[in-house]
Structure formats: C-alpha cells, structure tokens
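S.K.: Sharing a structure with you now.
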Amino acid sequence: MSWEQTTEADVRVEYLVDGEWQTTPDIAGKAGPNVKTVMGIPLGETSDWRIVSTDGSLAVDSARPIEQSIPRGMPLPTVIASDPKQHEPTAPYILVSINQEACSWCGGNYWLMIIDRAGRPVWATKTLPNRWILYAQVSVTGNALLWDEVASFGEESVAHRS
C-alpha cells in the first residue's frame with residue numbers, strides 16, 4: 001500500500017478481506033509518501049483500505065481498491081476438505097514451496113507462496129528457471145521469510161531473506 005500523509009503520525013493500515021477489516025501493527029508514518037506491505041489480501045481479488053492514526057486525528061481513505069494479479073503460470077492449490085472451526089486461529093496462513101511442473105524432484109519453475117486457509121495465495125515469488133527452493137521457513141523473530149535457492153545438489157545456494 002502507498003499513500004500520502006500531510007503530517008507525521010503513528011498509523012495503521014486497515015484493509016477489507018472477506019467482509020472483515022484486518023489491521024497492521026502501528027507504524028511511524030511520515031509527512032509525505034509512505035509505503036507498507038500488508039499480508040492477507042488474496043492475489044486476484046480487490047480490497048478497500050484506509051489509513052487510521054492511533055490518536056484518531058488522521059484518516060486517509062483509499063482512492064481506489066487495491067488489486068494484485070495472480071502471476072502467470074503460478075500453480076494454484078485446490079482445497080479438497082476444510083473445517084474452519086478446526087483451524088488454528090493464530091495461524092491463518094501456510095508457507096509452501098511447489099514446482100510449476102508436474103514432476104517430482106525435477107527442474108522447473110519453483111514458487112514460494114503464502115496461502116490462506118481457503119487456499120488463496122496472498123504472496124508469491126518465483127525462482128529462476130531450474131532452481132529449487134529448499135528450507136523455506138519463517139524467521140525466529142517472525143518478521144521475515146528465509147529460504148535457500150539452489151540450481152542442483154552440490155552447487156552453491158543463494159540464501160534469501162524477505
């Protein structure tokens with residue numbers, strides 16, 4: 001999300017997903033342009049959003065809903081069975097890595113994705129061709145994703161932090 005603030009103020013981004021307002025932790029908003037990445041808006045869907053100050057003195061409504069398209073070629077999951085009453089409430093997202101090709105341990109285009117419990121991708125990145133994603137995990141602090149990207153076993157890997 002990006003927006004302009006007229007004054008410096010601590011703010012949060014509120015955004016609409018499935019009819020419910022979600023919120024980010026408070027951030028130090030500066031006078032002028034601001035940018036914040038939010039988690040939870042399914043790719044390919046639109047969402048209304050707004051900026052709200054913690055002291056109630058600033059509110060910036062979005063001029064238009066935010067929409068991110070689904071990247072071309074990204075494999076999409078199919079949810080076969082789900083019981084929302086049984087979902088862990090503190091874990092609304094799942095981190096997955098999958099090959100775009102229908103094969104096992106072969107080269108191709110690998111994707112690292114975060115999907116919600118309905119199987120909708122909310123974030124994704126793709127490797128360079130013929131590279132695997134290994135050891136994808138959330139950092140100990142919970143504020144970053146970590147993964148290795150490798151061309152083949154025995155070759156040097158590239159560690160990522162996002």
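The values are calculated or read from the model by the stated rules, or taken from the named source; none is laboratory data. Only a predicted model underlies this, so the values are computations on that prediction, with no experimental measurement involved. Counting neighbours? That spans all protein chains shown, and the Cβs are built from the backbone with ideal geometry, glycine included. Protein only, heavy atoms only, side chains kept; ligands, DNA and RNA dropped before computing areas. Shrake-Rupley method; radii C 1.70, N 1.55, O 1.52, S 1.80 Å.
S.K.: Can you tell me which of (1) surrounded by 10 or more Cβ atoms within 10 Å (Cβ to Cβ); (2) small (Gly, Ala, Ser); (3) at pLDDT below 90 is the one residue 29 doesn't meet?
M.R.: (3)
S.K.: Name the residues in the range 10-20 that are open to solvent by less than 60 Å² (accessible area, probe 1.4 Å) and at positive phi, would you?
M.R.: The answer is none; no residue qualifies.
S.K.: Filter the range 137-157 down to residues that are open to solvent by 40 Å² or more (accessible area, probe 1.4 Å) and at pLDDT 80 or above and give me whichever is nearest to residue 99 (Cα to Cα).
M.R.: Looking only at the range 137-157, we keep the residues that are open to solvent by 40 Å² or more (accessible area, probe 1.4 Å), and these are 137-138, 140-143, 146, 148, 153-157.
So of that shortlist, the ones also at pLDDT 80 or above come out as 137-138, 140-143, 146, 148.
Values: 137: 17, 138: 20, 140: 26, 141: 28, 142: 25, 143: 25, 146: 18, 148: 15 Å.
Per the stated criteria, the residue is 148.
S.K.: What number of residues in the range 126-135 are in a strand (DSSP E or B) and either open to solvent by 80 Å² or more (accessible area, probe 1.4 Å) or within 22 Å of residue 72 (Cβ to Cβ) (or both)? Outline the logic, then answer.
M.R.: Taking the range 126-135 and keeping what is in a strand (DSSP E or B), we get 126, 131-135.
Adding the requirement that they be either open to solvent by 80 Å² or more (accessible area, probe 1.4 Å) or within 22 Å of residue 72 (Cβ to Cβ) (or both) leaves 126, 131-133, 135.
Looking only at that region, the number is 5.
S.K.: Here are some residues: 90, 6, 23. Which one is within 25 Å of residue 111 (Cα to Cα) and open to solvent by 70 Å² or more (accessible area, probe 1.4 Å)?
M.R.: 90
S.K.: Before we move on, is residue 60 assigned to a strand (DSSP E or B), over 17 Å from the mean Cα position of the chain (by Cα) and either at pLDDT below 85 or acidic (Asp, Glu) (or both)?
M.R.: yes
S.K.: Between 69, 104, 82, which is under 13 Å from the mean Cα position of the chain (by Cα) and assigned to a loop (DSSP other than H, G, I, E, B)?
M.R.: Numbers: 104 fails: under 13 Å from the mean Cα position of the chain (by Cα); 82 fails: under 13 Å from the mean Cα position of the chain (by Cα).
The match here is 69.
S.K.: Then there is this: Among the candidates 38, 52, single out the residue that is aliphatic (A, V, I, L, M), assigned to a strand (DSSP E or B), open to solvent by 20 Å² or more (accessible area, probe 1.4 Å) and closer than 30 Å to residue 113 by Cβ.
M.R.: 52
S.K.: Just one of the numbered conditions (1) touching a Gly at 6+ places or on another chain (Cβ under 7 Å); (2) without any contact (Cβ under 8 Å) to a residue 60 or more places away in the chain is not true of residue 115; which one?
M.R.: It is condition (1) that residue 115 fails.
S.K.: Collect the residues in the range 101-125 that are open to solvent by less than 30 Å² (accessible area, probe 1.4 Å) and either aromatic (Phe, Trp, Tyr) or modelled with pLDDT under 80 (or both), keeping them in residue-number order.
M.R.: Of everything in the range 101-125, those that are open to solvent by less than 30 Å² (accessible area, probe 1.4 Å) and either aromatic (Phe, Trp, Tyr) or modelled with pLDDT under 80 (or both) turn out to be 108, 110, 111.
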